[in-house]
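S.K.: To start, I am sharing the structure in question, which I have written as structure tokens.
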Amino acid sequence: MKKQLIAVLLIIIVSCNYQSNKQSTIKLWYDKPAENWVEALPVGNGRLGAMVYGSIEKEIIQFNEETLWTGQPHDYSHEGASQYLDTIRQLLWEGKQKEAHDLGNLKFMSQPFGQFCYQPFGDVILTFPGHEKAINYIRELDIETAISKVSYEIDGVIYERELFASNPDQAIFIKITTSEKGKLNFESSLSTLHTNSEILAEDNVVVLKGTSNNYPKELDFIGNPYPESKIKFEARLQLIENDGELATTESSLLIKNATQVTFVLVGATNFIDFQDISADPSKRCIDYLSGIEGKSFGSVKKAHMNDYQSLYNRLILDFGESEISNRPTDERLNTFYKDEDPNLVALLYQYGRYLLISSSRPGTQPANLQGIWNDQLSPPWDSKYTININAEMNYWPAEITNLSECAEPVIKMVEELAVTGKKIAKEHYNMDGWVAHHNTDIWRGAAPINNANHGLWVTGGAWLAQHLWWHFQFTGDKTYLKDRAYPVLKEASKFFSEYLVADPKNPDWLISGPSNSPENGGLVMGPTMDHQIIRNLFSNTIEAAEVLEIDEDFISGIKDKKSKIALNQIGQHGQLQEWLEDLDDPKNEHRHVSHLWGLHPGNEIHPTTTPELAEACKVTLSHRGDDGTGWSRAWKINFWARLLDGDHSFLLLKNLMVPAGNNPIDYNNKGGLYPNLFDAHPPFQIDGNFGATSGISEMLLQSHLKDYDGNYILDILPALPSNFANGKIEGICARGGFELDIEWKEGILQSLVILSKNGNSGTIRYKGKEIELATTAGKNHRYNGKLE
């Protein structure tokens with residue numbers, strides 16, 4: 001009778017837990033296990049990542065470590081390339097584009113033609129015999145705690161799994177419990193796709209070690225070999241809590257008659273930096289485990305939550321919720337196009353912040369095309385860093401959503417590219433400074449790759465350098481500016497001050513080239529995007545030098561060069577021209593809208609400062625359409641927000657928040673979200689998640705423009721969609737060192753609180769009204785809806 005009562009109570013508890021899940025809207029949750037990878041739920045600590053399937057009989061936890069790549073330290077430069085630069089330019093000026101392509105591919109490209117790829121590490125496999133008939137199943141990812149859970153019931157017994165990736169302890173913890181004593185009987189093991197590997201079990205640990213597979217292709221497309229892989233790796237799955245019996249096989253642990261079991265997973269490689277792979281992965285794993293020894297699950301969980309929430313809790317977004325919000329996440333996504341539930345938008349927004357915290361921490365590598373999550377030996381586009389939009393989009397939300405520390409890895413990567421790019425500048429262009437093209441990898445390749453018709457694009461590094469300037473704009477850290485940001489900006493500007501060349505048709509203009517408008521139209525002289533990025537680079541370098549009061553002579557020369565760069569042009573259709581020549585095709589719906597860079601993420605086009613160019617941007621966007629790949633839709637959310645059209649911005653968000661199928665690589669209009677809310681190009685690319693979070697932020701606050709006194713304008717609710725009639729955001733950040741709380745009702749501002757971190761002055765703008773903002777460092781400044 002006592003056992004029956006306990007069983008009944010447990011069923012009631014499960015039912016209550018189910019209701020609790022239904023009512024929690026800052027979770028991803030589902031009532032069935034994941035059937036494929038893009039249904040699994042991601043966890044990460046910046047370095048280690050895992051995808052949790054939540055399977056019942058055979059749980060799979062696929063995991064990654066950010067430095068497990070193919071290849072080895074490598075110099076990608078093409079010796080003697082610079083002697084062909086003038087010839088390529090001349091061919092393009094003569095209209096011989098094919099000949100320029102051919103010469104570029106023969107004499108100017110990276111050696112080998114491609115770069116290396118990010119790799120999966122392995123799988124944790126947990127096999128539970130006799131768990132075929134589960135009921136009351138729930139799996140979830142709590143965005144507020146960064147903890148994944150699975151629970152289900154079999155014959156009145158409740159089974160629960162809890163998993164998180166701890167940054168303080170640099171490990172993944174897995175706790176498995178059951179409601180009835182001694183009911184846990186299962187096998188735990190590791191597996192990997194890497195052929196040169198071994199798996200052994202001894203005592204209470206399973207050890208996986210090996211060497212990364214070579215790059216999937218032996219030769220590039222002109223027959224050059226890819227260097228062999230020299231990354232060594234090791235992972236250890238150790239049992240740290242077990243109240244049952246333990247036995248081992250050659251490669252697995254057998255748990256019998258347990259009630260509570262906890263594992264810790266650690267992993268490491270021999271990678272130290274892009275020039276050094278001399279570390280000992282075995283020692284690293286042992287050190288990680290030694291640091292955990294003696295700690296209880298409760299203590300590591302508390303440390304994990306404190307660490308994660310110290311970042312996540314800085315910003316709150318509330319668009320309200322209703323009954324339609326209390327459903328499994330996949331059901332909510334399936335109906336969003338009709339119901340437009342603003343609460344799902346808030347979840348997607350915070351999910352973007354969650355993914356950035358989970359994939360990018362100080363001391364780690366930057367988030368790549370897939371963050372830190374990848375299950376394939378030959379992932380799409382190598383899961384590396386595509387720096388003609390995608391890697392930069394990953395970091396658009398970092399500063400504005402109060403996650404400034406999470407930008408540290410991309411800042412560090414740019415500093416490293418300034419090293420490798422210096423040789424490329426000299427070897428490929430015979431110029432000073434540094435340059436990087438449209439991709440990089442963990443070895444910091446900076447040479448042009450793949451094909452001259454799109455790989456020979458010179459402003460990837462210059463675009464990335466924008467993030468170094470943003471970090472200063474938001475923080476005001478002059479020591480960082482002097483020691484880290486300015487040297488990189490100066491050397492990039494030095495390269496472009498030499499690279500710009502007079503246009504034969506307009507000798508007073510300086511233009512960029514050879515280059516291209518990313519992935520559209522082939523090799524040209526003078527693409528609009530290049531000119532916008534270079535102007536921005538020069539402007540940031542000039543302002544940085546003036547803040548630091550240095551390099552007056554150098555800056556004078558940069559100012560002169562900047563004034564001569566070819567201006568934005570409006571073409572025959574009223575569009576912003578993509579190239580110097582008026583060649584735009586109104587029927588071209590290309591995924592890249594590169595020539596609108598000056599609108600976003602640049603700051604030289606805006607309805608209030610350049611209304612004619614802003615109108616031309618609208619024409620271009622009408623030509624490109626409201627569909628596209630996932631990340632393309634995300635970029636357009638930002639574009640329309642900058643054009644101060646909140647409802648059109650929301651339409652693009654709505655077009656992104658549609659279910660995506662499991663499509664192969666598709667460049668057409670099939671973007672959307674997977675069931676786990678990962679962005680679909682397709683296939684999965686994480687940039688669209690970050691771009692969506694950025695775009696929603698731009699709807700609520702913009703601070704990229706300055707007033708006549710040189711102070712930042714804080715534009716409040718500049719592109720608020722009618723769908724977000726009521727809401728509040730607390731902790732959103734603006735340039736100038738400001739943190740804002742904004743609340744509105746029926747589309748009208750109700751209250752505004754501005755925390756000034758640095759005591760800077762500014763201008764507050766709301767619905768055309770502007771007031772001066774004089775502040776005291778560390779003080780909150782409060783206003784009502786009338787800015788009084």
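The values are calculated or read from the model by the stated rules, or taken from the named source; none is laboratory data. The shown structure was predicted, so the numbers you read here are calculated from the model rather than taken from an experiment. Every residue, glycine among them, receives a Cβ derived from its backbone with ideal geometry; neighbour counts consider all protein chains shown. These accessible areas exclude ligands, DNA and RNA; they are computed on the full protein's heavy atoms, side chains included. Shrake-Rupley method; radii C 1.70, N 1.55, O 1.52, S 1.80 Å.
S.K.: With respect to Lys412, determine if the residue is farther than 25 Å from His592 by Cα, touching a Phe, Trp or Tyr at 6+ places or on another chain (Cβ under 6 Å) and surrounded by fewer than 22 Cβ atoms within 10 Å (Cβ to Cβ). Write out each step before concluding.
M.R.: Details: farther than 25 Å from His592 by Cα: yes; touching a Phe, Trp or Tyr at 6+ places or on another chain (Cβ under 6 Å): no; surrounded by fewer than 22 Cβ atoms within 10 Å (Cβ to Cβ): yes.
In short, no.
S.K.: Do we have Asn536 as surrounded by fewer than 23 Cβ atoms within 10 Å (Cβ to Cβ) and in contact with a helix residue (DSSP H, G or I) (Cβ under 9 Å, 6 or more places away or on another chain) here?
M.R.: On the way: surrounded by fewer than 23 Cβ atoms within 10 Å (Cβ to Cβ): no; in contact with a helix residue (DSSP H, G or I) (Cβ under 9 Å, 6 or more places away or on another chain): yes.
The answer is no for Asn536.
S.K.: Residue check: is Ala34 more than 26 Å from Trp443 (Cα to Cα), among the small types (Gly, Ala, Ser) and at pLDDT 95 or above?
M.R.: Values: more than 26 Å from Trp443 (Cα to Cα): yes; among the small types (Gly, Ala, Ser): yes; at pLDDT 95 or above: yes.
Against the criterion (more than 26 Å from Trp443 (Cα to Cα), among the small types (Gly, Ala, Ser) and at pLDDT 95 or above), Ala34 qualifies.
S.K.: Please find, within the stretch 51-89, the residue that is surrounded by the fewest Cβ atoms within 10 Å (Cβ to Cβ) out of those that are under 22 Å from Lys232 (Cα atoms) and polar (S, T, N, Q).
M.R.: Restricting to residues being under 22 Å from Lys232 (Cα atoms) and polar (S, T, N, Q), the top hit is Gln72.
S.K.: So, one more: Answer with yes or no whether Asn136 is in contact with a Pro (Cβ under 9 Å, 6 or more places away or on another chain), in contact (Cβ under 8 Å) with a residue 60 or more places away in the chain and of a type in the set (S, T, N, Q). Can you show your working first?
M.R.: On the way: in contact with a Pro (Cβ under 9 Å, 6 or more places away or on another chain): no; in contact (Cβ under 8 Å) with a residue 60 or more places away in the chain: yes; of a type in the set (S, T, N, Q): yes.
In short, no.
S.K.: On to the next question. Show me the helices (runs of 4 or more DSSP H) found entirely inside the stretch 562-676 where at least 2 residues are crowded, with 22+ Cβ neighbours inside 10 Å and either of a type in the set (Ser, Thr, Tyr) or modelled with pLDDT under 95 (or both).
M.R.: Details: elements: 611-624, 630-642, 646-656.
Here the list reads 630-642.
S.K.: Checking Ala734 against (1) open to solvent by 30 Å² or more (accessible area, probe 1.4 Å); (2) under 24 Å from Gln473 (Cα atoms): exactly one of these is not met. Which one?
M.R.: (1)
S.K.: Residues in the stretch 291-298: is at least one assigned to a helix (DSSP H, G or I) and either at pLDDT below 95 or closer than 30 Å to Ala446 by Cα (or both)?
M.R.: As a first pass, look at the stretch 291-298 and keep what is assigned to a helix (DSSP H, G or I): 291-292, 297-298.
Retained after the next criterion (residues that are either at pLDDT below 95 or closer than 30 Å to Ala446 by Cα (or both)): none.
No; the residues of the stretch 291-298 include none that is assigned to a helix (DSSP H, G or I) and either at pLDDT below 95 or closer than 30 Å to Ala446 by Cα (or both).
S.K.: Let me ask you something else. Does any residue of the stretch 384-397 turn out to be surrounded by fewer than 24 Cβ atoms within 10 Å (Cβ to Cβ), in contact with a helix residue (DSSP H, G or I) (Cβ under 6 Å, 6 or more places away or on another chain) and farther than 27 Å from Val435 by Cβ?
M.R.: No, the stretch 384-397 has no match at all.
S.K.: Is it true that some residue in the stretch 580-594 is touching an Asp or Glu at 6+ places or on another chain (Cβ under 6 Å) and touching a residue at least 24 places away in the same chain (Cβ under 8 Å)?
M.R.: Our first condition is that a residue be touching an Asp or Glu at 6+ places or on another chain (Cβ under 6 Å); within the stretch 580-594, this holds for 584, 592.
Filter once more, keeping what is touching a residue at least 24 places away in the same chain (Cβ under 8 Å): 584, 592.
Checked against the condition, which is being touching an Asp or Glu at 6+ places or on another chain (Cβ under 6 Å) and touching a residue at least 24 places away in the same chain (Cβ under 8 Å), the stretch 580-594 yields at least one hit.
S.K.: Restricting the search to the stretch 204-244, which residues are open to solvent by 50 Å² or more (accessible area, probe 1.4 Å) and in contact with a helix residue (DSSP H, G or I) (Cβ under 8 Å, 6 or more places away or on another chain)?
M.R.: Across the stretch 204-244, the qualifying residues are Lys209, Ile222, Lys232, Ile240.
S.K.: Right, something else. Scan the stretch 331-349 residue by residue and report those that are of a type in the set (Ser, Thr, Tyr) and open to solvent by less than 10 Å² (accessible area, probe 1.4 Å).
M.R.: Step one: filter the stretch 331-349 for residues of a type in the set (Ser, Thr, Tyr), giving 335, 337, 349.
Scanning the stretch 331-349 gives a single hit, Tyr349.
S.K.: What number of residues within the stretch 239-265 are closer than 17 Å to Glu59 by Cα and β-branched (Val, Ile, Thr)?
M.R.: Matching residues across the stretch 239-265 total 4.
S.K.: Something else about it: Scan the stretch 90-116 residue by residue and report those that are touching a Gly at 6+ places or on another chain (Cβ under 6 Å) and either surrounded by fewer than 24 Cβ atoms within 10 Å (Cβ to Cβ) or at positive phi (or both).
M.R.: As a first pass, look at the stretch 90-116 and keep what is touching a Gly at 6+ places or on another chain (Cβ under 6 Å): 97, 115-116.
Within the stretch 90-116, Gln97 is the sole residue that qualifies.
S.K.: Could you please tell me which pairs satisfy a Cβ distance under 9 Å, a separation of 6+ or placement on different chains, a first residue in the stretch 461-482 that is modelled with pLDDT under 95, and a second residue that is open to solvent by less than 20 Å² (accessible area, probe 1.4 Å) and of a type in the set (Asp, Glu)?
M.R.: none
S.K.: Continuing with this model, one more query. Can you work out which of the residues in the stretch 245-281 that are crowded, with 18+ Cβ neighbours inside 10 Å and over 21 Å from Leu208 (Cβ atoms) is farthest from the chain's Cα centre (by Cα)?
M.R.: Within the stretch 245-281, the match that is farthest from the chain's Cα centre (by Cα) is Ala258.
S.K.: Would you point out which residue out of Lys133, Lys183, Lys149 is of a type in the set (Lys, Arg), within 20 Å of Pro42 (Cα to Cα) and open to solvent by 40 Å² or more (accessible area, probe 1.4 Å)? Step through it out loud before you land on a result.
M.R.: Details: Lys133 fails: within 20 Å of Pro42 (Cα to Cα); Lys183 fails: within 20 Å of Pro42 (Cα to Cα).
None of the others qualify; the one that does is Lys149.
S.K.: Within the stretch 749-785, which residues are open to solvent by 80 Å² or more (accessible area, probe 1.4 Å) and more than 23 Å from Tyr708 (Cα to Cα)?
M.R.: Those that are open to solvent by 80 Å² or more (accessible area, probe 1.4 Å) and more than 23 Å from Tyr708 (Cα to Cα): Gln750, Lys779, Arg782.
S.K.: Only residues that are of a type in the set (S, T, N, Q) and assigned to a loop (DSSP other than H, G, I, E, B): list them for the stretch 315-361, please.
M.R.: Going through the stretch 315-361, the residues of a type in the set (S, T, N, Q) turn out to be 322, 325-326, 329, 334-335, 343, 350, 358-360.
Those that are of a type in the set (S, T, N, Q) and assigned to a loop (DSSP other than H, G, I, E, B): Ser322, Asn326, Ser360.
S.K.: Could you tell me which residue of the stretch 306-330 is farthest from the chain's Cα centre (by Cα), considering only residues that are surrounded by fewer than 18 Cβ atoms within 10 Å (Cβ to Cβ) and among the aliphatic types (A, V, I, L, M)?
M.R.: Looking at residues that are surrounded by fewer than 18 Cβ atoms within 10 Å (Cβ to Cβ) and among the aliphatic types (A, V, I, L, M), I get Ile324.
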